[in-house]
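What follows is one structure encoded as structure tokens, with my remarks underneath.
The values are calculated or read from the model by the stated rules, or taken from the named source; none is laboratory data. Keep in mind that what you see is a predicted model, and the values were worked out from it rather than measured. Note that each Cβ is placed from the backbone with ideal geometry, even for glycine, and that neighbours are counted across all protein chains shown.
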Amino acid sequence: MIPFEAPAETILFSLRHVAGAGRIPAWDDDLVQEVIRQFSRLAEGVVAPADEAADRDGCRLEDGRVHMPEGLVAAYAAFAEQGWPGLSIPEEAGGQGMPAPVLGAVTEIFAGASHALQMIAGLVPGASRTLVDYGTPDQQERWLPRLASGEWLATMALTESGAGSDLSGIRTRGEHGPDGWRVSGEKIFISGGDQDLTPRILHLVLARTQGAAGSTRGLSLFLVPSHDDAGARLPVTVTRIEEKMGLHGSPTCQMLFDDAPAELVGNEDEGLKAMFTMMNHARLDVALQGLPMPPARRGSQPNMPGAGGRGKSLARPVR
């Protein structure tokens, strides 16, 4: 295994001298430097060493639950223990309230150390931002601290068979009854749809509450927890793990929601607007995941200012 080296100094140089991050209100350069360097230590010493074996061993589905590679389970435990899930979540909800450029820097390093683990943990900031923008005060009070603590992870459940990038074909239904909302339907290609990193998962599900398929009107956004407050499993199951050409350490799942209890987020019929908050965060994540690159051959990469006067590769995934 080629040792992973986080590009902390290159990122700090870019934030300071290229992006001009000092213009951001309340920007604390010393604090940001410490945050990025501390995460680099975790990425280099704990996360990256687990990644190669995780890709080789893969995930497995047993008795309806997805079991992650042991190394990534331990890496996530260290990630959560140090408080990284709450990096961008508001302080009043138990997070650290750090600005987006800091989250972006950490995401780049995280994806370089283990794309597989980052794909799962990286959905939390988008889910929390969606709750901040569209959740009720009660939803924010209940769910944001759970995400910030790392005890819950989140998913983004949009895609269905026959309804990929064209969300007008969504058939999953949200029905309102005497005991509240219920969601029924199937979703595919759900990153981290199930895992044993956390005991519980919060699914953000796009479902149709009115109108026929063939239009994006009538789509609403729901919070669908995997377990109830007493810890009992709710009717949310994984029917298979998708086969992929790589990235075997990250489970991409086919999901079944069978009359699962749910909470409406925002207004009915405005789910696509709310979900785009999470989708846009995921798009930025994909861009950051594309930044890590294999180490350059000696002398093939130009010297980077602020990188000790010698060529350094950007963050790279260990494969």
### Residue ID - surrounded by the fewest Cβ atoms within 10 Å (Cβ to Cβ), chosen from residues in the stretch 185-223 that are hydroxyl-bearing (Ser, Thr, Tyr) and touching a Gly at 6+ places or on another chain (Cβ under 8 Å)
209
### Task
Could you tell me whether any residue of the stretch 284-301 is at pLDDT 90 or above, of a type outside the set (Lys, Arg), assigned to a strand (DSSP E or B) and surrounded by 14 or more Cβ atoms within 10 Å (Cβ to Cβ)?
no
#### Entry: Among (1) touching a strand residue (DSSP E or B) at 6+ places or on another chain (Cβ under 9 Å); (2) part of a helix (DSSP H, G or I); (3) at pLDDT 95 or above; (4) farther than 27 Å from residue 51 by Cα - the single one residue 174 does not satisfy
(2)
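Please find, within the stretch 158-182, the residue that is surrounded by the most Cβ atoms within 10 Å (Cβ to Cβ) out of those that are β-branched (Val, Ile, Thr) and more than 22 Å from the chain's Cα centre (by Cα).
Of all residues in the stretch 158-182, those β-branched (Val, Ile, Thr) come to 159, 170, 172.
If we keep only those that are more than 22 Å from the chain's Cα centre (by Cα) too, we end up with 170, 172.
On the way: 170: 26, 172: 21.
Here the residue is 170.
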### Query
Would you say residue 72 is over 23 Å from residue 147 (Cα atoms), in a helix (DSSP H, G or I) and touching a residue at least 60 places away in the same chain (Cβ under 8 Å)?
no
### Query
Which residues, counting only those in the stretch 144-170, are part of a helix (DSSP H, G or I) and out of contact with any Phe, Trp or Tyr (no Cβ under 8 Å at 6 or more places or on another chain)?
144, 145, 147, 148, 149, 167, 168, 169
### Query
What are the residues in the stretch 226-241 that are within 20 Å of the chain's Cα centre (by Cα) and either surrounded by 18 or more Cβ atoms within 10 Å (Cβ to Cβ) or modelled with pLDDT under 95 (or both), if any?
226, 236, 237, 238, 241
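Give the residue that is nearest to residue 189 (Cα to Cα), with candidates limited to residues of the stretch 84-136 that are without any contact (Cβ under 8 Å) to a residue 24 or more places away in the chain and not acidic (Asp, Glu). Quick ask: steps written out before the conclusion?
Residues of the stretch 84-136 without any contact (Cβ under 8 Å) to a residue 24 or more places away in the chain: 91-92, 96-97, 100, 103, 136.
Then keep just the ones that are not acidic (Asp, Glu); that gives 96-97, 100, 103, 136.
Details: 96: 31, 97: 30, 100: 27, 103: 25, 136: 28 Å.
Out of the qualifying residues, it is 103.
Could you tell me whether the stretch 15-34 includes any residue that is small (Gly, Ala, Ser) and within 18 Å of residue 250 (Cβ to Cβ)?
So the first thing to find is which residues in the stretch 15-34 are small (Gly, Ala, Ser), and the list is 19-22, 26.
Right, trim to within 18 Å of residue 250 (Cβ to Cβ) and you get none.
Checked against the condition, which is being small (Gly, Ala, Ser) and within 18 Å of residue 250 (Cβ to Cβ), the stretch 15-34 yields no hits at all.
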